[in-house]
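Notes follow the structure.
The values are calculated or read from the model by the stated rules, or taken from the named source; none is laboratory data. Keep in mind that this is a model prediction, so the values were computed, not measured. Every residue, glycine among them, receives a Cβ derived from its backbone with ideal geometry; neighbour counts consider all protein chains shown. Heavy atoms of the whole protein, side chains included, go into the accessibility calculation; ligands, DNA and RNA do not. Shrake-Rupley method; radii C 1.70, N 1.55, O 1.52, S 1.80 Å.
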Amino acid sequence: MTATAATEPSLSRKDVVPLPHQLFVVLRDQILRGLYAPGASIPNETRLGELFGVSRITVRRAVADLEAQGLLEKRHGHG
């Protein structure tokens, strides 16, 4: 699925909520709304960083939390 930065919710650097958690919430909501079908890939870490204007470590933390919640399954080399 392709998306543009203009269609992605923005994250706030001024918010007291850490960026990884903000990204986690946005991605969790997109997954639960069905934006990504079960078994479908989400954009890779680099692309998520570009879409949301955050570093790869921020993306990794958010993805790790999604994986811990059972909402994602990381598969090396599959995006």
Note to self: If I take R0 = 22 Å and measure r between the Cβ atoms of ARG28 and HIS76 in this structure, what FRET efficiency does the formula 1/(1 + (r/R0)^6) give, to the nearest 0.05?
What the structure shows: 0.50
Check: What's the carbon and sulfur percent of the range 15-79's accessible surface, probe 1.4 angstrom, rounded to a whole number?
Finding: 52
Margin query: Heavy atoms only, 1.4 Å probe, whole protein assembly: order LYS14, LYS74 by accessible area, highest first.
Written below: LYS14, LYS74
Next item on the list: Grab the other residues whose beta carbon is less than 11 angstrom from that of GLU45, score K and R as +1, D and E as -1, and report the net.
Entry: +4
Check: Where only protein heavy atoms count, and the probe is 1.4 Å, what is the accessible area per residue for the range 15-71 in Å²?
Finding: 56
Item checked: Computed [θ] at 222 nm, helices only, for the chain once each DSSP H run of length n ≥ 4 contributes -39500 (n - 2.57) -> -13500 deg cm²/dmol
